[in-house]
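The values are calculated or read from the model by the stated rules, or taken from the named source; none is laboratory data. Quantities reported herein were computed from a predicted structural model and do not represent experimental measurements. Note that we place each Cβ from the backbone using ideal geometry, even for glycine, and neighbour counts take in every protein chain shown.
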Amino acid sequence: MVTRILLLFFIFALLNVNSYLFTKDKNNSYTYVISVKSGNNILGDIKIRLFPDVAPLHSKNFDSLVSIGFYNGTAFHRVVKGFMMQGGCPNSKNLPKDKWGMGQPNQKKIPAEFSDLKHKRGTISAARTNDPNSATSQFFICFKEAPWLDHQYSIFGEVIEGFEVLDKVEKVKVEKQPYSSEVSSPVEKIEMTIRKVSK
């Protein structure tokens, strides 16, 4: 009887270990490629990796949205030179430009996952409203260091290849946003598609 209990315990422990290893591998053995174009002009590919150990909820949310093609056809609707590029709003697929960046009320909100990571060139962080727990699908990629955002926004990934594409986006012609005085709205739509690939 004791032998049987020990055997069952061993099998249970082994299954748990395998489950953990599978989850860990699933979270860390993939990268994502963001293909960017401006009108008919191909700007290139940005390869990124996520930080599931630091921001598991945001990483899972991003991965699940990529898996259903959510980001394909959305825009980087906000480009602030010397700061960052922001995108991922579903409204930027086919709604008027004054709706871009506003999101949809039925989108799932992700709780804040602030960390000690720093906002630097290539950092990927979750965009949000004044509510720290209001992030949905939108994210931004830093052109350079932005230390005033540290511990205020949820960093969930980073660029590992394609920094030259960031530079191209940063140089696009922009105009005033339709809903603010900020001059950060690309004159020509900066469109993205995102795919998941093995390392």
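Data overview
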| read-out | value |
| --- | --- |
| Where a residue in the range 176-199 is free of Cβ contacts under 8 Å to residues at least 40 places away in the same chain and its partner, wherever it lies, is charged (D, E, K, R), with Cβ under 6 Å and at least six apart | 183/176; 187/173; 187/175 |
| Unique residue being surrounded by 14 or more Cβ atoms within 10 Å (Cβ to Cβ) and more than 14 Å from the chain's Cα centre (by Cα) when the list is 95, 57, 50, 149 | 149 |
| Output for the range 24-40, where each listed residue is more than 15 Å from the chain's Cα centre (by Cα) and at pLDDT 95 or above | 37, 38 |
| Residues that are crowded, with 18+ Cβ neighbours inside 10 Å and acidic (Asp, Glu), drawn from the range 171-199 | 191 |
| Any hit, the range 49-63, residues being of a type in the set (Gly, Ala, Ser) and at pLDDT 95 or above | yes |
| Subset of the range 172-188 [over 16 Å from residue 87 (Cα atoms), assigned to a loop (DSSP other than H, G, I, E, B) and of a type in the set (D, E, K, R)] | 173 |
| Hits in the range 111-136 - residues which are touching a residue at least 40 places away in the same chain (Cβ under 8 Å) and not in a loop (DSSP other than H, G, I, E, B) | 124, 126, 135 |
| Count - residues of the range 63-101 that are touching a Lys or Arg at 6+ places or on another chain (Cβ under 8 Å) and part of a helix (DSSP H, G or I) | 5 |
| Tally of residues being within 19 Å of residue 59 (Cβ to Cβ), touching a helix residue (DSSP H, G or I) at 6+ places or on another chain (Cβ under 8 Å) and assigned to a loop (DSSP other than H, G, I, E, B) across the range 137-156 | 2 |
| Single condition residue 70 does not satisfy, out of (1) in contact with a helix residue (DSSP H, G or I) (Cβ under 8 Å, 6 or more places away or on another chain); (2) closer than 24 Å to residue 149 by Cα | (2) |
